[in-house]
Structures are given as structure tokens and as C-alpha cells.
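**Q** First the structure, which I've put down as C-alpha cells, then a few questions once you've had a look.
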Amino acid sequence: FKILRKKELNPSVTLMDIEAPLIAKKAKAGQFISIYCEDGSRLLPRPISICEIDKEDCALHLVYRIAGAGTEEFSQKQTGDHLSVMGPLGNGFPLKSKKAFLIGGGIGIPPMLETAKQLNAQKTAVLGYRDELFLNEEFAKYTDVYVATEDGSSGTKGNVLNAIQEKALEADVIFACGPTPMLRALKEYAAANHITCW
């Protein structure tokens, strides 16, 4: 598929739009794609979550962190270049019409944006960052946004659960994506508060 646009959101996070009519037609919030490297030494594709689905322009908006040789290769691509892609993959989120938390941590933030767009219910985004913010202004178009940063440079100092507790936020269902320690803590929080968690 052809790369339509590339933009650096911060020194380690890149936005890439790709033309992908078949995937855009079928994709759901919370799904991902796999992108293949051209370097034959890297056989396994890199999973990249779908940030936004543009059905009108048959495109996918992807946001990824440069974390290794594979994503570094993608970052060297230019507008007009092509990528080998497989998808959509994964089950996506079952978008229930309940009061929801949309919780993203680090590079788990991007797939929550399409979820925010598609979820037709009262919702609150709680986004956890290690360093520089990205996409929080895009989330604000669809929902209230609360931010947590490890160093306290923006929003609540700490993690997403610290922000939920500090702001006394409540919800009936949680949709989340992020690092394993965050998801483990959310699972415990959801169980203790009898909240469905995806």
C-alpha cells in the first residue's frame, strides 16, 4: 500500500497515513495491522495498531514509536513509497453503550482514538505518557481528556490509575491498550470495582 503522508509527532513517535482501501473498509476500532520489512533478515512483520480509519479516503492513520530496526526502516520511508501490509488483525473492541474509560498508555494510546470516535456513549480518555505528549489534542475533539505523566510535567504525576483517583473519575466499562504492568493494574482495579474491562 502507498504511503500518503508522514509526520514526526515527537522525536520518537511518527504518524503515517497509508492508502489501504480493503483494510479501511473492514477495520474496526482496536484492531491492528502487520507491516513487513524489506530487509530479508527480519522475517516477522511488525504489528502496528490502527490509530484512525478513514473510510472516505480509504486510508489508515498509523502512529508508532521507533523501537527497533523494523520501525526504524519504516521511518526512513517517504511519501509515495509502498509497504507490504496484512490486516485487519485482532478482534477489536466490543463497543458497548455504557459510560466508558478509554485508557491508553504510551504507544497504546493511538488505537484508543478510533475507539473514541466510534463509541457512541459517555466516555472519558485517560492517557499515560512517559515523556512528550502526542494525540491528546485529537482526543479532545471526541471526549474529555485526562493526562498522567511519570515526571508530573503535564497532568497528574504518576500513572493512569493515579489520574483516575485524583480526579475521582468513574465508569462502567474500560477499554485499554498499553504496557503489561498498566494492563495488569487495570485488571485488578476493574475486578475490585466490578467493572468490565477489555
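**Q** Report the FRET efficiency, 1/(1 + (r/R0)^6), for Ala185 and Gln122, where r is their Cβ-Cβ distance and R0 is 35 Å, rounded to 0.05.
**A** Rounded to the nearest 0.05, the efficiency is 0.90.
**Q** Along region 140-156, what does the Karplus equation 6.51 cos²θ - 1.76 cosθ + 1.60 (θ = phi - 60°) give for ³J(HN,Hα), rounded to whole Hz, x for Gly and Pro?
**A** Computed from phi, the couplings for region 140-156 are 4, 6, 10, 6, 5, 10, 10, 10, 10, 10, 4, 9, x, 5, 8, x, 6 Hz.
**Q** Under the 0.36 nm per residue contour assumption, what length would be gained going from the current alpha-carbon distance of Ala168 and Asp57 to full extension?
**A** Numbers: separation 111, 0.36 × 111 = 39.96 nm, distance 3.96 nm.
Stretched out fully, the Ala168 to Asp57 stretch lengthens by 36.0 nm.
**Q** Same structure again: Using a 1.4 Å probe over the heavy atoms of the protein chains, calculate the carbon and sulfur portion of the accessible area of region 1-59 as a whole percent.
**A** Of all accessible area on region 1-59, carbon and sulfur atoms account for 53 percent.
**Q** Putting +1 on Lys and Arg Cβ atoms and -1 on Asp and Glu Cβ atoms, find which of Ala190, Leu83, Leu95 reaches farthest to the positive end of the dipole of region 51-198.
**A** Ala190
**Q** Let me ask something additional. Can you compute 3J(HN,Hα) from phi for each residue in region 11-26, using the Karplus curve 6.51 cos²θ - 1.76 cosθ + 1.60 with θ = phi - 60°, rounded to whole Hz and x for Gly and Pro?
**A** Working through the residues one at a time gives x, 10, 10, 10, 9, 9, 9, 10, 7, 8, x, 5, 6, 4, 5, 9 Hz.
**Q** Tell me the mean residue ellipticity at 222 nm calculated for the chain from its helices only (DSSP H runs of n ≥ 4, each -39500 (n - 2.57), averaged over every residue, nearest 500). List each step's numbers first, then the result.
**A** On the way: 6 runs with 47 residues, N = 198.
Rounded to the nearest 500, the figure is -6500 deg cm²/dmol.
**Q** Here is a follow-up. Treating only the Cβ of Lys, Arg, Asp and Glu as charged (+1, +1, -1, -1), what charge dipole size does the chain show about its Cα centre? Round to the nearest 20 debye. All intermediate terms of the calculation are to be shown ahead of the outcome.
**A** Details: 23 positive and 24 negative charges, 126 e Å.
Charge dipole of the chain: 600 debye, to the nearest 20.
**Q** Around Ile23, with a cut-off of 15 angstrom between Cβ atoms, what is the net charge of the other residues, counting Lys and Arg +1 and Asp and Glu -1? Present the calculation step by step, with values, prior to reporting the outcome.
**A** Details: positive: Lys2, Lys25, Lys26, Lys28, Lys55; negative: Asp17, Glu19, Glu52, Asp54, Glu56, Asp57, Glu114.
Here the count lands on -2.
**Q** How much FRET efficiency would the formula 1/(1 + (r/R0)^6) give for Asp131 and Thr79, where r is the Cβ-Cβ distance and R0 is 22 Å, rounded to 0.05? Could the numbers behind the result be given before it?
**A** On the way: r = 27 Å, r/R0 = 1.22.
According to the calculation, E is roughly 0.25.
**Q** Counting only heavy atoms of protein chains, what accessible area per residue, in Å², does the chain have with a probe of 1.4 Å? Show your work: numbers first, answer last.
**A** Working: 10060 Å² over 198 residues.
That works out to 51 Å² for each residue.
**Q** What is the chain's relative contact order, in percent, from Cα pairs under 8 angstrom and six or more apart in sequence? Walk me through the numbers on the way to the answer.
**A** Values: 439 pairs, mean separation 36.0, N = 198.
Contact order relative to length: 18 percent.
The values are calculated or read from the model by the stated rules, or taken from the named source; none is laboratory data. Please read these numbers as outputs of a predicted model, since none were measured by experiment. Reconstructed Cβ throughout: ideal geometry from the backbone, glycine too, with neighbour counts over all protein chains shown. These area figures cover heavy atoms from the full protein model, side chains too; ligands, DNA and RNA do not enter into them. Shrake-Rupley method; radii C 1.70, N 1.55, O 1.52, S 1.80 Å.
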